[in-house]
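Please treat every number below as a calculation from the coordinates, not as lab data. Treat the numbers as computed from the prediction; the structure is a model and nothing was measured. Positions of Cβ are backbone-derived with ideal geometry, glycine not excepted, and every protein chain shown enters the neighbour counts.
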Amino acid sequence: MNIVALFKLVPDLVEELEIDGNGTALNMDFLRLIINEFDDHAIEQAILLKERGGAQVSILGPDIEGVEDVLYTAASKGADRLIKLTGDFQGKANNHAMARAVTSALKELQPDLILTGVQANTDLDGSLGPLLAEYLDMPYVGYVSGVKVADGKVITRKEYPGGLVAEMEIKLPAVLGIQAAEQPPRYIAVAKVRQAMKTATIEVRTLAESDLSGGSTIRRMFKPEAGTRAEMIEGSAEEVTTRLLDIFKEIGVL
Amino acid sequence: MNQDIYVVIEHLRGQAADISYIMLGGARALAQKTGGEVVAVLLGHNVQSLVNNMSADKVLVVDHPALAEFTSDAYQKTLAGLIAEKEPRAVLFASSSIGADLSGVLSARLNLPLISSCQRFSADGRPISQICGGKIMVESDLPEVTTLLTMIPGGYKPEEGQSGKTPEIIKMDAPALDDLRVTLKQYIEAEAGDVDISKEPILVSVGRGIQTQDNLELAEELAKALGGVVSASRPVVDQGWMPTSRLVGKSGKTVKPKVYLTLGISGAPEHAEAIMGSEMIIAINTDPAAPIFDIARYGAVIDMFDLFEVLIAKVKETQGIR
Amino acid sequence: MMPYDAVKSILVLIALLASFGVFGWRCYLALQGLRRGQSTPAFGGWGERIKGLIVYVAAQLRLFRFKAPGIAHFFVFWGFLTLSLTILQAILEGLLAYTNPHFVLPLIGNFGPLALLQDLFILCVALAILYDLYLRLIVNPERYKGSHKSQGLMVLMFIFTIMLTLAVTNGIRINLNDDLLQRYRPVSTLIGGLFAGLNPATQTIIEETAYWIHLGVVLLFLTELPEGKHFHIVTSIPAILLRNLEPRGRLPAAPEFEGQVGVKQVEQFRWRQMLDFYTCTECGRCQDMCPAFASGEPLSPKLLMMSLRDHLKDYSSASLPTRSLIGDAVAPSTLWACTTCYACDQECPLFIERIPLIVDMRRYLVNEGEVDALLQKTLANLGRYGNSFGQSERMRAKWTQPIQPVIKDARKEAVEYLWFVGDYASYHVMFSDITRKTAQVFQKADLDFGILYDAERNAGNDIRRVGEEGLFESLAEKNSAAMDKCKYNTIITTDPHTYNTLKNEYPANGNHHAVLHYTELLDQLIASGKLQFNKKLGYKVTYHDPCYLGRYNGIYDAPRRVIRALGCELIEMPRHGDRAFCCGAGGGKIWMEEQPEVKERPAESRVREAAGMSGISTLVTTCPKDLVMFRDAVKTAGLEGKIVVKDLIELVSEALELCKETVREQM
């Protein structure tokens, strides 16, 4: 069984985000890029499947700063092939372009199962998984929090709001959008990553020209108004209740 | 292409999701710019009654046994045919477990643009999306072709998508729904074991101010009415009134619910750190100087016990719980 | 028929050969595990080592930390040494019974004062044994629980019998006018008096019987020595001679075995560490001092040593090891319970070091990814951001913003003092004000100082003790690289943990500057008159010694001098100085999920101790982690209003009457 996990690097939200001079993109100078949290789970799920039933696991990610760290960490977990994708990932690249460009590299790997994070914090044209699935003519199921492989198929746990879970059966090959691995990504000690740097090799694939069609054209980017001290609700229990109910309705709790 | 705005109604187990009404509200705002109609699209089996109070000019209903429960393959096939045939100005999907599975695949299949995480439309009818965990807003052009959008809450209220009258219903035929690659095996209800508060969208969190274990029942009642669960700060767990699995903060869990309603929590740093990821913090405390008010979006200085009775009753009333 | 004397000589010879044979064989069996151990770095500093033998073996200095048991042990030990000559006499007179019936040891055998000393020691040892019996049977302190009780009692009975039979033998010989030195043996004379009425023949039989019992028990004891806690009689001398002379705050490097980091199997410990397993006397002093044990966590430093000993014995005798070291012999929860406070090792009369053992096993667990969720998140934060709070490094110096004049950037200009601020003092909300006060105090004293701003990372003291050696190295490299680019003379730290690793562990990375804790610096500034207080605070306070300042680095006096210079009256808590009770945060514990077994958190126990002292309103600390733990504990223990916890710098700032407005609310 060939499992491919695909990851993206996204801005670390711990950092103050800045918008560039044109007002249409993030200022990349001070950005720290980290692995998309959901992609980290996708990698973990791929490793868990390998540990459980045996598989060849390939990890693919775009060649930008930080990619090698992620790849070597994955190797320490047990990934078999590490591939970095070179191409234009800065600035305007979107998921449509990425999905189209990575198709040929993925076909070459002949995957039975492609795992990717269900979403990323920079997604503006949908998430990568469904786009990939369609370009590869594979079925897609997202919001997955558990995967079992069974004879040409996978059974996944698909999450719905309120704790409801649907068991979906999907014919392979397929693409899954991982919400959470069956167990949180394991800790990899620094020494292990350093060891992997000495032993593992990273392959390189060059991606085709980006075709951005299907994505959005950004007119402007801006920050929401900064939050300050709480807006105080004055009055009696009845008055406070009335306001709270309005708030609950506003955000869709009621 | 016409100027109509389509909304793919999201429903699960016989219930329309709130986001469906929010989307209808958004669709109405957009349709006023484009000059088209708001058209709800309902896929399912024997679900027609769901549209009764929807604020739409028309409803396209595709009724087929294979659409009774959501599966991506069948829904994608049906919608692909429908969108290609009708060519609306825009199609709104929920940014959810259902809508996200559909929109991306359809964008690629139909070669139509997709704009995700749209919260509202600008005065000019341009979609405004929220990215980077809400830290950045993006205003995009609305392309001059049929555009798919996924919507998040926050821009429109569900009431804006509700109406007193039943819209006109147009029945559509489903395409051939065989050879499906994805099938639903079964639903699994939320597990009976203790809840994972780090995954709960609605938390009613109590602190030292709760005073006694018996008072926790009030918090439980409120949480239940809101569809959430009770979590607690350290003093409450220390007393053994709540299990450690419900502890928020140091030694406990970090939470990021949609709503974090605190009752009698002062907001010590250990606690504050663990709740910063919450989408909205609402704080109730008798101490106006409590630090919790520095991080909360809304606050009220009131005795929680005065509030409980009224609030629980009203929430229940709204939710239709006796 | 052979004469009795000839039979006696032969029997004694056989008994000797047999018992020494058994003793030797058992020693071999017991210690064969050591041969499997890893090599130990060469031992230097022999002068210091031999001095240790005098101070800690001969003078038994550490034993007196528990007064009465210490005195009892002192007498047993010295009695044993002095009376070993009488044992030698007994053996030789038996061996030579046929050829030399009236043998006495040459030279010393006829030396009266020695005989007097020996005779008095018979009484002292017997009394000490009676006290020990009383301690074990009547008092039965908590620290003995889990120790081998019957073995302990058996050995006490052995020693008592040896004393009694010696006195009886000597006494009867005195009665029979068979002892030239009888006037030097008052105790034996007294005991002999009990038999004086019997006829000489009967007395001779009793004497001979007592002799055989004496020798028999001595030899039996010998064979029993390698079997249990009394093996320390043999191993304590090499253990103390070969004790660790490195600074306490310097952990040994992580052992590595073909890609494995840390210790997974018992044979991966160094043989010197294994020697400690056999040296442990199960006295439980370590357990008495252990904050993890006191709080109900599954760690007893004593039981840990006993399980390691048992496991090593099993491991080296079984052809195929069946039990695992981590999991079967030692539970991971035991390893994670340790706060690395050093109270156990400080107390141990035999210099056994438990913390390096614990850290070596933790290193294995961490390298295998077996860490709890909170610790995992913290380590990930430390790896990514260089601080445990998961905040951007660009926010590290945010606290400096309102301070005027601007604090020097040590990377850009030379400074006298490089202030290594540390994570808690930089990021924790509780500290922004306190850290600014520290800066103001430094400015008030006209100190030429600077900080590393966003180039500073967590120094790594507790990361190392958690067992994440690779991460420690990587952070140490980054800090060292940043510091190497600066021009400065002395490092100052806020945090004792930071202090410890910078002082003791960074020099190995090529950093040779002096390191001062801020309390040492304040002490110097006060002594030199650079810091003068107009206001006498007049508070009655108590002071908590942070583990990494006190026990690890011996800084007890400087903070106390500063407190007194402020005009405060310092009242010591019952547990103070090198017996200060850890707050429970160290060794990375502050980053771990709390165990459900915890009955009373160490920090709560500590604030109760402080609050229980009459007239004390303030608990002073000099460690940021203490402050966080204690302030939280004051709340959870319901002591608000009874005691406040303050960092020493807050009092200094108050006594200097530094204007508050310059630090107000500009965050």
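Between the alpha-carbon centres of region C:415-447 and region B:209-265 there is a gap of 37 Å.
For the Cα trace of region C:1-124, dividing Rg by the Kirkwood Rh returns an Rg/Rh value of 1.09.
For the segment B:136-147, counting C-beta atoms of other chains within 10 Å of every residue's C-beta and taking the mean gives 5. The C-alpha atoms of chain A define a longest principal axis, and helix A:37-53 lies at about 40 degrees to it.
Percentage of Cα-Cα pair distances in region C:4-241 greater than 32 Å, rounded to whole percent? When all Cα pairs of region C:4-241 are counted, 28 percent exceed 32 Å. With q set to 0.11, 0.24 Å⁻¹, the log10 of I(q)/I(0) for region C:398-496, from the Debye formula over equal scatterers at the Cα positions, is -0.33, -1.34. Across region C:423-432, coupling constants 3J(HN,Hα) worked out from phi with the 6.51/-1.76/1.60 Karplus curve, θ = phi - 60°, read 4, 5, 5, 8, 10, 5, 3, 5, 9, 3 Hz, and Gly and Pro carry x.
Going from the residue with the fewest nearby Cβ atoms within 10 Å to the one with the most, C:TRP46, C:TRP399 rank C:TRP46, C:TRP399.
Taking 16 Å as the cut-off, the amide N atoms of region C:362-401 that come nearer than this to a point 7 Å along the Cα-to-beta-carbon line of A:GLU16 belong to C:391-401. Of the GluC sites (Glu not before Pro) found in region B:132-232, the ones in coil according to DSSP and having at most 15 other Cβ atoms within 10 Å of their Cβ are B:GLU144, B:GLU189, B:GLU191. Seen against the Cα atoms of chain A and their longest principal axis, helix A:67-77 is set at about 70 degrees.
Once the Cβ-Cβ distance of B:ILE321 and B:MET276 is raised to the sixth power relative to R0 = 25 Å, the FRET efficiency obtained is 0.20. Rounded to the nearest whole Hz, the Karplus-based 3J(HN,Hα) values (6.51 cos²θ - 1.76 cosθ + 1.60, θ = phi - 60°) of region C:437-448 follow the sequence 5, 4, 4, 5, 5, 4, 5, 4, 8, 6, 7, 8, with x at glycine and proline.
For B:SER231, the residues 5 or more places off, or on other chains, whose built amide H falls under 5 Å of its own are B:VAL204, B:SER205, B:VAL206.
The residues packed around C:THR165, meaning those with a beta-carbon under 13 Å from its beta-carbon, carry a net charge of -1 if Lys and Arg are +1 and Asp and Glu are -1. Applying the criteria of a DSSP loop state and at most 15 other Cβ atoms within 10 Å to the GluC sites (Glu not before Pro) of region C:202-265 yields C:GLU258. Across peptide C:371-377, the average count of Cβ atoms from other chains found within 10 Å of a residue's Cβ is 3.
Extents of chain C, largest first, come to 105, 58, 45 Å (Cα atoms, principal axes, whole angstrom). Under the combined filter of DSSP loop state and at most 15 neighbouring Cβ atoms within 10 Å, region C:435-513 retains these trypsin sites (Lys or Arg not before Pro): C:LYS485, C:LYS487. Taking amide H positions as modeled 1.01 Å from N, with prolines and chain starts lacking one, the residues under 5 Å from C:GLY567 and 5 or more places away or on another chain are C:LEU537. Remark on B:MET54: its backbone amide H falls under 5 Å from those of B:SER163, a criterion applied only to residues 5 or more positions apart or on other chains, H modelled at 1.01 Å from N. Counting only the backbone N, which residues of region A:16-40 are under 20 Å from the spot 7 Å out from the Cα of A:ASP69 toward its beta-carbon? Flagged as within label range: A:16-18, A:27-40. Against chain B, whose longest principal axis is taken from its Cα atoms, helix B:18-34 shows a tilt of about 50°.
Give the average over all directions of the projected area of the C-alpha convex hull of region A:100-254, one decimal, in nm². That works out to 15.8 nm². Each principal axis of region A:2-206 carries a Cα extent, and these read 53, 40, 34 Å when sorted largest first. For peptide C:626-636, the mean count of partner chain Cβ atoms within 10 Å of a residue's Cβ comes to 2. Could you tally the net charge around C:GLY588, taking each other residue with its Cβ under 11 Å from the Cβ of C:GLY588, Lys/Arg +1 and Asp/Glu -1? Net charge in that neighbourhood comes out at +2. For the protein assembly as shown, the average shadow cast by the Cα convex hull is 58.4 nm², which is a quarter of the hull's surface.
Packing, as the average of other Cβ atoms within 10 Å across residues, places the peptides C:404-417, B:15-28 in the order B:15-28, C:404-417, highest first. Taking other C-beta atoms within 10 angstrom as a stand-in for reagent exposure, C:LEU648, C:LEU153, C:LEU570 fall in the order C:LEU153, C:LEU570, C:LEU648, fewest first.
For chain B, the alpha carbon positions stretch 63, 43, 36 Å along the principal axes, listed from largest to smallest. The Rg/Rh ratio for region C:375-663 is 0.94, where Rg is the radius of gyration of the alpha carbons and Rh is the Kirkwood radius.
Would you work out which of C:SER150, C:TYR488, C:GLY197 lies farthest towards the positive end of the dipole of the protein assembly as shown? Charges go on Cβ: Lys and Arg +1, Asp and Glu -1. After comparing all options, I get C:GLY197.
Sorted fewest first by neighbouring Cβ atoms within 10 angstrom, C:SER236, A:SER213 come out as A:SER213, C:SER236.
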